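These notes are about the structure you will find just below.
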Amino acid sequence: FSFCFIRFTDKLKLKWQSPRTTQLTTNVSYYSPSYLKVYHVHFKEKSSTFSVFTARKWHRNGIKKPRSQRYESLKGVDPKFLRNMRFAKKHNKKGLKAARKAAAQK
């Protein structure tokens, strides 16, 4: 028999395979008599189809954008900037009142 055919009992005695490889299939050889039980073993890298299946899983329910909040949190923002922003918001109202008065007088 050629070197790629392995008997079932010999297959159990094999050294540990690389963690990156996994046994794909074990097929009975058609060229051997049935009483010898000779198996043909294929090895394949694990990572080759991993990305295909995970991408398919992600797309089953659709890839959605993260929900955006109406007001983003200001946690961790520079305190000097926050203080200035508070005053700007407060005094914007004064300008609005003055604009309304001017419009009413016309």
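A short reminder: the numbers here are calculations on the coordinates, not readings from a lab. Fair warning: this is a prediction, and the values are worked out from it, not measured in the lab. Glycine gets a Cβ as well: all are built from the backbone with ideal geometry, and neighbour counts include every protein chain shown.
Under the combined filter of DSSP loop state and at most 15 neighbouring Cβ atoms within 10 Å, the stretch 58-89 retains these trypsin sites (Lys or Arg not before Pro): Lys64, Arg67, Arg70, Lys75. What chymotrypsin sites (Phe, Trp or Tyr not before Pro) does the stretch 55-106 have in DSSP loop regions with at most 11 other beta carbons within 10 Å? Passing both the DSSP loop test and the Cβ count: Tyr71.
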